[in-house]
Amino acid sequence: MKDIITLSIESSCDETAVAVLKNGREVLANVVSTQIELHKKFGGVVPEVASRKHIENIDAVYQEALDTAGIKPEEIDHIAVTYGPGLVGALLVGLSYAKALAFTLGVPLVGVNHMQGHINANYIQHKDLKPPFITLVVSGGHTHLVEVKDYQNYEILGRTRDDASGEAFDKISRAMGLGYPGGPIIDKLAKQGNKHAIEFPRAFLDDSYDFSFSGLKSAVLNYLNAQKMKKQEIVVEDVAASFQEAVVEVLTTKAVHAAEEKGYKTIALSGGVAANSALRDKITKMAGEKGIEIKFPSIELCTDNAAMIGCAGYHNFINGKIDDMSLNAVPNLKIDVN
């Protein structure tokens, strides 16, 4: 049986990424050019700046991916590309490049939902992982609890009603003057703090699997302002630890409860916040007590990358989900539900 070679492109935010995969799960190259240092001075991603850097970087990233994989363009069987959700200008850069490649090489174009990409990251990390299972997708723009029934059959159990978990990390980090991106900074600081020092609220939303972090964010901001007004010391390590604990407790409790209620013995984490050490530790411990196995990708596969897009694109391709040149960027694209 002939191997299927996928070349995939990801440019939904501030990472320009190109990967080459064999048969969906074997990564031959996964090249990422990040813009984090560029956006740090702004405290977050500036869409116009991100788009321009994608244009500057993508050709070199593509060539590096081919060189790393040791393949020639004519060996590629199809082109997979993120078409949403994300920043529209950034998405259009990757999408336009993918269309040009697909047309030039005469191979199929396969659009990929960025969220499905994150879910597929665990298939690369864990070669034996197969649906069905519960997945918790946590990133800067998304917090979803999803029942993965098959490779392309999903049921959304819960989603954020306001701020995503990663977004909350970034905003609190900015409020404390710690920098961007907030997740890794707060995770590191929290290790030196007391997570029980400040009792921040947890929004469990009763019987819903939805999430809400805007109230927690407001509570932390109010605490910081109150301390400043009273001219009392702010122990940033304790604030970071207490805030992080509030986020992690809600994410963990809902994910484990969903697995129990649906009768699953596996929970897979994905997305940038899945790299958070406190989340990994707490959900592994809580799930383990219930006989539930936790799987999560390597740090490199948690953050935005093209390998996860390639894996998702491979599953689309072998299931006949092929797009034409009319494929457009959809910045608010929802996850496919069958």
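The values are calculated or read from the model by the stated rules, or taken from the named source; none is laboratory data. All of these numbers come straight from a predicted model, not from anything done at the bench. When we count neighbours, we look across all protein chains shown, and the Cβ atoms used for this are built from the backbone with ideal geometry, even at glycine.
Listed by position, the helices (runs of 4 or more DSSP H) enclosed by segment 81-196 that each have at least 2 residues that are within 23 Å of residue 312 (Cα to Cα) and either under 15 Å from the mean Cα position of the chain (by Cα) or touching a residue at least 60 places away in the same chain (Cβ under 8 Å) (or both) are 88-105, 114-125. Under the condition of being in contact with a Leu (Cβ under 9 Å, 6 or more places away or on another chain), outside any helix (DSSP H, G or I) and not aliphatic (A, V, I, L, M), which residue from segment 11-54 is farthest from residue 182 (Cα to Cα)? Among those residues, the one meeting the criterion is 22. Going through segment 312-328 one residue at a time, which ones are outside any helix (DSSP H, G or I) and out of contact with any strand residue (DSSP E or B) (no Cβ under 9 Å at 6 or more places or on another chain)? Selection gives 319, 320, 326. Of all the listed residues (294, 335, 283, 322), the sole one being aliphatic (A, V, I, L, M), under 14 Å from residue 115 (Cβ atoms) and either modelled with pLDDT of 95 or more or surrounded by 19 or more Cβ atoms within 10 Å (Cβ to Cβ) (or both) is 335. Among the conditions (1) farther than 14 Å from residue 278 by Cα; (2) modelled with pLDDT under 95, residue 184 misses just one, which is (1).
Among residues that are surrounded by 18 or more Cβ atoms within 10 Å (Cβ to Cβ) and in a loop (DSSP other than H, G, I, E, B), residue 8 is not included.
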